[in-house]
Amino acid sequence: MLRRFPLWLAMLVQLVPAAAEEPPAYRMPSAALAAVVDAPTPPTAVLSPDRQRLLLLDRPEAPGIAELAQPELKLAGLRINPATNGRSREFVYTGLALQPLAGGPAQRVTGLPAGVRIGDYEWSRDGRHLAITLVLDRGIALWLVDVGTARARRLTDPILNAVFGEPIIWLDDATLLIRRVPAGRGPAPLAPAVPSGPIVQENRGQRAGARTYDGLLASPHDEALFDFYGDCELALVTLDGALQSLPIRGLLTTANPSPDGKYILVETLRRPYSYLVPSGRFPVTIDLFDRTGRRVHRVAELPLNEGTATTAVRPGPRNLTWRADAPATLSWSQDLGRGARTRDQRTARDAWFTLAAPFTGKPVEQQRFEYRIAGIQWGANDLALVTESWSNTRLVRTWRVEPGKPGSARTLLFERQSEDRYGDPGRAATRRNALGRLVLARSADGGKIYLHGAGASPEGDRPFLDEFDLASRRSRRLWRSAPPYYEDFVSFLDDTLTRAFVARESATEPTHFGVRNYATSEFQALTRFPNPLPSFAGVRQEVIRYQRADGVALSGTLYLPPGWNPERGPLPTLLWAYPREFLDAENAAQIKATPERFTRVSATGPLPFLLAGYAVLNDPAMPIIARKGQKPNDTYIEQLVANAQAAIDELVRRGVADKDRIAVGGHSYGAFMTANLLAHSKLFRAGIARSGAYNRTLTPFGFQSEQRWFWQAPQVYAAMSPFNFAHQVKTPILLIHGAADNNAGTFPIQSERFYAALKGHGATARYVVLPHESHSYRARESLLHLLWEMETWLGTHLKK
């Protein structure tokens, strides 16, 4: 006999809160998914400057949570490990090997201590030595590898200061320039037991809109800690370990030697600091020193930059670097301000300047450009390639200029929109010159350069190498990757420009490296790495194409679990996506997926769930396209739902997915997408949103490609904020966030307040905070628990 529960008891069961009192514990997913976390990672491969060897750097497995739980300081946008005086959460390597390109087995580097953790590495320009940094418990030390003997030895004690990035660089083949902790530095300043007064910020009419940043300075004590850990001094270290200190000290964010090793470009932060922006916008002094530490020229003193218009840049010199084809010539870009004109009387926004040693003359204005200078590739006095771009229109131009003739006529080589992947002509190939710097690779007569790129096409990416005639501006294809392989040019190996170091993979073979001879079409393999996850060998993948209701062409990569066929019926399906804005529907329709690429399975991606019996549609196109007279985000919700509907319709049409058992998920902006789809449609059975932002009023000065401020488009910010529509979310949603998220705009409070709104309206929701994790999750315990959460959520809401 069916017994009925009293109404009050049924109501009580519904009102019991979802286990907020669960004791914190890391959980384990199924064995097949756990194996993804512990799968070996192939080594990183780096070509030596003399093109004789391949450096193979061993990558470790996921670190333990204990490593992430070490003390960490968040100062001026930096994350600092006070024990090592370097960045926290930095990736390290656990071993080295040298692979001769001429053939033979790789040789392991010996002499390193057990349990080694290698941070940075730098080749000497002659390729005979490799400088490396070892991250120890109480600091960072400089070591040296003799490439001929493959043996490492220590050069310094753990004295390096890596707070502002890599602390070592070669001055010449026998001398290293280092940033070190000042000798005799005392203990770190202690926090005051009693505050001396309130913390006050004041603005006197200055317009200073800045995006939302994490870990900024917030008190005088923070400033003192920033001064203490950032303070460093320069020193020279020779191959025998002899150390010579230079009289250059301060918050040195840059120390870049000239190609001839005679000068050092130094950028030094100074006060006043800011509590609104990270250290990259603090006041900075830019100086040139000789190698004895004597200042020879002050380039600029730049003030605090707390905010600019979205398309504006910091006033004064920026992107300072050395000409790669000259012994000691400084190069930089600079905003011209309003009213400036180019030679042909167009509006000029940027100018490009150079200044040669001994730096006593006036800077030379090389050229003016209509848009922002995005990069320079050096060749010689008669050739450099300068790229300019403009974010509002996605316009990208590449010019041929003659640095030896400042102000002379220049030639436009390429013009396209950055979102047009099919039209990308590629990037110019380089070679090393006598100064050890990378310059344009040119034909023997100097009239041709060589372009390589992804080769995006309707069939997928087909990497290529072209010979480009500078006079006629025409390309001749020398080589194009073809199925079943995906082969990508990396670097020329000799001055004949017929042999190249390449990376090669296929749908069944992970990336390995080899030598391609373009004259004979021969390929010689140098490395062979095993499939790290043989369990995925039976997974089927296909690039599928379909259309949105308005005719926009869409595509994505469909993965099917091992052993599935249509006779077995439709599958529970996970759709994992990330929306992108476009100005043009044709560009939005371009294919991104490539069937010849090896499937790389990440514990933080959707593919592990193939082993749990799910179909996965990975990275289906979610274009948000600007309509005539509008910005892309003016119709964000409408287009987002249409994209999702089209993907679901195609999956159901193919017999792959059961329309009542489809989940949607994403990370960061993909999480934002997920929440909006659940708030504005009933297309999905469950959602997974990780490390997202859900209330756009908390990012009022722009987000993603949205350049308008909240006050310029309040209706857009409101319509795009799923927080405002929490009452409409009726689909179960899993929220996951790293407790130490450092990404601009995705602070943990975004998920915290969204969950509170969902709970307030009675939604089915679960909120998981991963201790010590940042925007990307790293600890082994976190990754395993992440998979358990997602596997459990999908199993609860999608499985029959």
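The values are calculated or read from the model by the stated rules, or taken from the named source; none is laboratory data. All values reported here derive from a predicted model rather than from experimental measurement. Note: ideal-geometry Cβ built from the backbone for every residue, glycine included; neighbour counts use all protein chains shown. Side chains included, ligands, DNA and RNA excluded: accessible areas come from the protein's heavy atoms. Shrake-Rupley method; radii C 1.70, N 1.55, O 1.52, S 1.80 Å.
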Handout entry: Among Phe710, Phe672, Gly655 - extreme Cα towards positive end, dipole of segment 647-800, charges at beta-carbon
Key = Gly655
Completion exercise
With only helices counted (DSSP H, runs n ≥ 4, each -39500 (n - 2.57)), the per-residue ellipticity at 222 nm for the chain, to the nearest 500, works out to -3500 deg cm²/dmol
Problem - Translational D in µm²/s for the chain (Stokes-Einstein at 10 °C, 1.306 mPa s, Kirkwood Rh from C-alpha pairs) - result: 54 µm²/s
Problem - Dipole in debye (nearest 20) - segment 93-229, about Cα centre, beta carbon charges: Lys, Arg +1; Asp, Glu -1 - result: 200 debye
Practice task
Leaving out ligands and nucleic acids, note down the accessible area per residue over segment 672-799 with a 1.4 angstrom probe, in whole Å².
Solution key: 34 Å²
Fill in the blank from the handout: For Lys628, counting only aspartates and glutamates whose alpha-carbon sits under 12 Å away and dropping same-chain residues fewer than eight positions off, the answer is Asp584
Practice task
Would you mind putting 224-230, 159-165 in packing order, based on average other-beta-carbon counts within 10 Å, highest first?
Solution key: 159-165, 224-230
Problem - Of Lys448/Lys631; Lys405/Lys592; Lys759/Lys799; Lys759/Lys800, pairs whose Cα-Cα distance is over 30 Å - result: Lys448/Lys631; Lys405/Lys592
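Tell me, what is a quarter of the convex hull surface for the C-alpha atoms of segment 699-755, in nm² with one decimal?
Details: hull surface 18.2 nm².
Directional mean of the projected Cα hull area for segment 699-755 stands at 4.6 nm².
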Practice task
Would you calculate the volume per residue, in Å³, of the smallest convex hull containing every Cα atom of segment 669-715?
Solution key: 77 Å³
Problem - Between 0 and 90°, nearest 10: helix 220-230 axis offset from the chain longest Cα axis - result: 60 degrees
Handout entry: Interatomic Cα distance distribution for segment 485-635, bins of 10 angstrom, percent
Key = 10, 29, 26, 23, 11, 1
Handout entry: Neighbour net charge for Asn676 - beta-carbon separation under 12 angstrom, K R +1, D E -1
Key = 0
Problem - Heavy-atom accessible area per residue - segment 341-498, 1.4 Å, Å² - result: 46 Å²
Exercise for the section: Starting from the residue with the highest accessible area, list Glu370, Glu67 in decreasing order, probe 1.4 Å. Expected result: Glu67, Glu370
Fill in the blank from the handout: Packing-ranked peptide list from 516-529, 144-157, highest mean Cβ count within 10 angstrom first, is 144-157, 516-529
Fill in the blank from the handout: Given the candidates Gly215, Asn203, Thr238, the one whose Cα lies deepest towards the positive end of the charge dipole of segment 197-239, counting +1 at each Lys or Arg C-beta and -1 at each Asp or Glu C-beta, is Asn203
Handout entry: Nearest-20 debye value, segment 579-733 charge dipole, Cβ charges on Lys, Arg, Asp, Glu
Key = 240 debye
Exercise for the section: Quick one: dipole size for segment 322-460, taken about the Cα centre, charges +1 on Lys/Arg Cβ and -1 on Asp/Glu Cβ, in debye to the nearest 20. Expected result: 260 debye
Exercise for the section: Enter the accessible area per residue of segment 509-641 (Å², integer; probe 1.4 Å; all protein chains in place). Expected result: 42 Å²
Problem - Taking the convex hull of Cα positions in segment 665-762, its mean projected area over all directions (nm²) - result: 5.7 nm²
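Counting Lys and Arg as +1 and Asp and Glu as -1, what is the net charge of the other residues whose Cβ lies under 12 Å from the Cβ of Pro606?
Every neighbour counted, the sum reads -1.
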Practice task
Using only the alpha carbon atoms of segment 40-142, find the Kirkwood hydrodynamic radius as the inverse mean reciprocal pair distance, in angstroms to one decimal.
Solution key: 15.2 Å
Exercise for the section: Please state, as a whole number in µm²/s, the translational diffusion coefficient that the Stokes-Einstein equation yields for segment 408-453 at 25 °C and 0.890 mPa s, with Rh defined as the Kirkwood radius across alpha carbon pairs. Expected result: 194 µm²/s
Completion exercise
Taking His761, His772 and ranking on accessible area (1.4 Å, protein atoms only), highest first, one gets His761, His772
Exercise for the section: Pop out the ³J(HN,Hα) list for segment 386-392 in order, Karplus 6.51 cos²θ - 1.76 cosθ + 1.60 with θ = phi - 60°, rounded to Hz; leave Gly and Pro as x. Expected result: 10, 10, 10, 8, 9, 5, 4
Problem - Surface share of carbon and sulfur [accessible, 1.4 angstrom probe, percent] for segment 546-626 - result: 50 percent
Handout entry: Projected label distance in nm at Glu202 and Arg568, using a 7 Å step from Cα toward the beta-carbon
Key = 7.1 nm
Practice task
For every other residue with a beta carbon closer than 12 angstrom to the beta carbon of Arg294, add +1 if it is Lys or Arg and -1 if Asp or Glu, then tell me the sum.
Solution key: +1
Handout entry: Farthest positive-ward along segment 398-454 dipole, Cα basis, beta-carbon charges - from Ser408, Ser418, Ala434
Key = Ala434
Problem - Heavy-atom accessible surface of segment 11-157: percent carbon and sulfur, 1.4 Å - result: 54 percent
Practice task
Please state, rounded to one decimal and in Å, the Kirkwood hydrodynamic radius that segment 287-381 gives when every pair of distinct Cα atoms enters the mean of 1/r.
Solution key: 14.8 Å
Practice task
Enter the Cα centre distance for the pair segment 728-800 and segment 135-164, rounded to the nearest angstrom.
Solution key: 40 Å
Handout entry: Listed peptides 51-57, 339-345, 666-672 by packing density, highest first (mean Cβ within 10 Å)
Key = 666-672, 51-57, 339-345
